[in-house]
């Protein structure tokens with residue numbers, strides 16, 4: 001039997017225009033945050049048609065499921081159908097009025113075979129409505145194993161609620177059923193999982209305590225139309241960033257997020273009805289043949305080249321014919337390649353700038369992927385300072401046929417800056433080439449490693465990694481460094497530079513991979529290191545929040561020598577933890593094999609001409 005599937009289920013229904021707007025706003029905010037903090041989790045939306053088909057939420061969910069029980073539409077009880085309709089074996093049933101602000105994926109470790117059936121929080125005393133001493137549960141954040149016992153429980157809940165008009169809260173009926181059900185094994189979540197911010201004032205929580213609680217809270221639970229909730233929310237250290245992301249304005253809490261408040265699309269006119277594809281072509285054929293797509297790279301055997309090869313070699317469809325060109329090849333060869341193809345995919349829009357005039361490349365035939373921050377952020381981005389693209393960059397990108405980003409972080413930043421249509425196309429790794437080495441760590445030598453360009457201002461290899469590792473006993477550092485300045489002067493990238501074929505061996509011989517970058521596009525070296533079974537230490541950059549779970553397969557650290565020394569010392573003294581993290585890294589990264597990741601790219605290309 002394979003591993004159980006895991007994912008989040010949210011239910012958003014309406015019974016009139018007021019409940020439609022309310023449900024749509026809340027599910028948009030909650031799912032947007034969830035995509036940011038737990039990007040690897042699959043998400044399913046159960047909803048009424050007026051919400052299910054809204055264009056602003058299509059990018060937020062993997063499954064769209066019509067609501068089954070119309071009598072509950074527009075009421076809090078509508079989530080009663082979440083488990084029955086869930087496509088997942090283990091699901092997080094999440095109320096739409098929740099704000100997930102930290103990763104929630106580890107909650108799935110609490111449920112499953114030989115574990116608990118349900119994990120949920122206890123209500124506060126202020127919400128108890130009886131004197132029996134019976135525990136009441138807050139089921140707005142509920143991890144549930146989909147099995148015979150839980151399905152029977154939810155069916156009983158449905159039967160009882162169906163006897164009358166749904167009322168709020170329905171959780172007291174649910175708690176009663178839990179109390180009398182001998183088959184359900186429950187795990188009680190702490191308040192850090194699900195904190196009701198609209199009730200904190202009733203607890204008379206002192207500000208100094210509140211400031212210690214909020215940063216640790218994973219999910220803030222409350223409708224953001226209550227004054228108490230808004231005031232508490234405003235004290236959170238990440239309030240400004242979260243508010244921008246979800247389009248929340250505390251001065252007008254009922255104001256819709258920008259993506260929901262846009263005017264309805266105008267009907268397609270006869271003029272608009274002609275598809276905007278090269279030569280007004282059919283999606284599959286261009287003048288009786290497959291559409292030719294040119295994958296444009298910058299350097300042989302570098303990141304973009306391996307990405308292009310993966311797209312070329314894994315395509316099994318019948319719509320496109322792919323080819324690759326390096327812009328540093330013979331000028332006439334490059335010019336001919338552009339002339340012979342219908343669409344161009346640029347892995348980084350800085351490469352398009354090199355080609356536009358030189359090879360007469362048209363923007364309306366070009367799909368451009370955003371692969372870094374440094375191509376537009378003027379060196380300002382830091383793990384603690386996420387910079388939005390400027391208006392000029394946004395307007396420039398709007399002139400292309402289609403745009404994608406290689407990380408959720410980049411996708412969200414560009415959406416916040418005004419680029420509403422931007423796909424997610426992550427990087428992958430060849431897991432059958434970058435294979436692990438699980439040999440026990442040498443008790444006298446923990447081997448740390450770094451691979452990348454020798455640009456200390458961005459990478460921190462000289463000012464952070466080297467001095468930190470050198471100050472910890474029984475720890476060594478090995479590096480694979482590419483020196484571009486030396487290449488321009490001497491034609492060689494330096495003695496420590498390894499070719500692509502040598503990199504799997506490099507990673508297999510290290511225990512811990514360190515990334516101290518101020519920014520990354522998607523941390524390709526981290527992907528490769530994880531595939532080879534390395535524990536990961538990294539700053540909060542690039543797609544690291546998609547790859548690294550803090551204290552699970554590695555550690556996040558502040559971008560300074562002192563914090564890195566502390567973590568390296570801890571790992572040096574705990575080789576069993578290192579071994580465990582190495583194995584976990586490999587388990588996580590398998591889903592990023594190029595065979596799985598290429599579908600994101602093919603879907604993006606197809607959507608650009610459909």
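Residues being crowded, with 19+ Cβ neighbours inside 10 Å, assigned to a loop (DSSP other than H, G, I, E, B) and not assigned by TED's automatic domain parsing to the domain that holds residue 502 are represented in the range 405-416 by at least one member. Please verify whether the range 314-330 includes one or more residues that are assigned by TED's automatic domain parsing to the domain that holds residue 407, in contact (Cβ under 8 Å) with a residue 12 or more places away in the chain and within 26 Å of the chain's Cα centre (by Cα). The answer is yes, given that some residue of the range 314-330 is assigned by TED's automatic domain parsing to the domain that holds residue 407, in contact (Cβ under 8 Å) with a residue 12 or more places away in the chain and within 26 Å of the chain's Cα centre (by Cα). Of all residues in the range 499-548, those satisfying the criterion of being free of Cβ contacts under 8 Å to residues at least 24 places away in the same chain, surrounded by fewer than 24 Cβ atoms within 10 Å (Cβ to Cβ) and closer than 19 Å to residue 305 by Cα are 501, 502.
When we screen 97, 103 for residues that are crowded, with 18+ Cβ neighbours inside 10 Å and within 21 Å of residue 254 (Cα to Cα), the only hit is 97.
Every residue, every condition in (1) touching a strand residue (DSSP E or B) at 6+ places or on another chain (Cβ under 6 Å); (2) on the phi < 0 side of the Ramachandran plot; (3) at pLDDT below 95; (4) part of a strand (DSSP E or B), yes or no:
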| residue | (1), (2), (3), (4) |
| --- | --- |
| 526 | yes, yes, no, no |
| 529 | yes, yes, no, no |
| 536 | yes, yes, no, yes |
| 542 | no, no, yes, no |
| 546 | no, yes, yes, no |
| 558 | no, yes, yes, no |
| 565 | no, yes, no, no |
| 569 | no, yes, no, no |
| 587 | no, yes, yes, no |
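Scan the range 215-244 for residues that are assigned to a helix (DSSP H, G or I) and surrounded by fewer than 21 Cβ atoms within 10 Å (Cβ to Cβ) and the total you get is 13. Taking the range 1-38 as the range and being over 26 Å from residue 74 (Cα atoms), touching a residue at least 24 places away in the same chain (Cβ under 8 Å) and surrounded by fewer than 23 Cβ atoms within 10 Å (Cβ to Cβ) as the test, the residues that pass are 4, 5, 6, 36, 37.
Within the range 385-398, can one find any residue that is part of a helix (DSSP H, G or I), more than 28 Å from residue 556 (Cβ to Cβ), touching a strand residue (DSSP E or B) at 6+ places or on another chain (Cβ under 7 Å) and in contact (Cβ under 8 Å) with a residue 40 or more places away in the chain? Yes, the range 385-398 contains at least one residue that is part of a helix (DSSP H, G or I), more than 28 Å from residue 556 (Cβ to Cβ), touching a strand residue (DSSP E or B) at 6+ places or on another chain (Cβ under 7 Å) and in contact (Cβ under 8 Å) with a residue 40 or more places away in the chain. Each residue in the range 111-137 was checked for being surrounded by 18 or more Cβ atoms within 10 Å (Cβ to Cβ) and either at pLDDT 80 or above or in a loop (DSSP other than H, G, I, E, B) (or both), and 8 pass. Within the range 73-111, being farther than 29 Å from residue 226 by Cβ and touching a helix residue (DSSP H, G or I) at 6+ places or on another chain (Cβ under 9 Å) holds for 84, 90.
Candidates are the residues of the range 139-180 that are buried (at least 16 other Cβ atoms within 10 Å of the Cβ), in contact with a helix residue (DSSP H, G or I) (Cβ under 9 Å, 6 or more places away or on another chain) and assigned to a loop (DSSP other than H, G, I, E, B); the one that is modelled with the lowest pLDDT is 166. The set of residues in the range 589-600 being over 24 Å from residue 295 (Cα atoms) and surrounded by fewer than 20 Cβ atoms within 10 Å (Cβ to Cβ) consists of 590 alone. Annotation: residue 36 fulfils all but one of (1) closer than 30 Å to residue 422 by Cα; (2) assigned to a helix (DSSP H, G or I); (3) at pLDDT 90 or above; the unmet one is (3).
For the range 39-76, taking the residues that are in contact with a strand residue (DSSP E or B) (Cβ under 7 Å, 6 or more places away or on another chain) and in a loop (DSSP other than H, G, I, E, B), the one that is surrounded by the most Cβ atoms within 10 Å (Cβ to Cβ) is identified as 61.
The values are calculated or read from the model by the stated rules, or taken from the named source; none is laboratory data. Everything numeric here is computed off the predicted structure, so don't read it as measured data. As a convention, Cβ positions derive from the backbone with ideal geometry for all residues, glycine included, and neighbour counts pool all protein chains shown.
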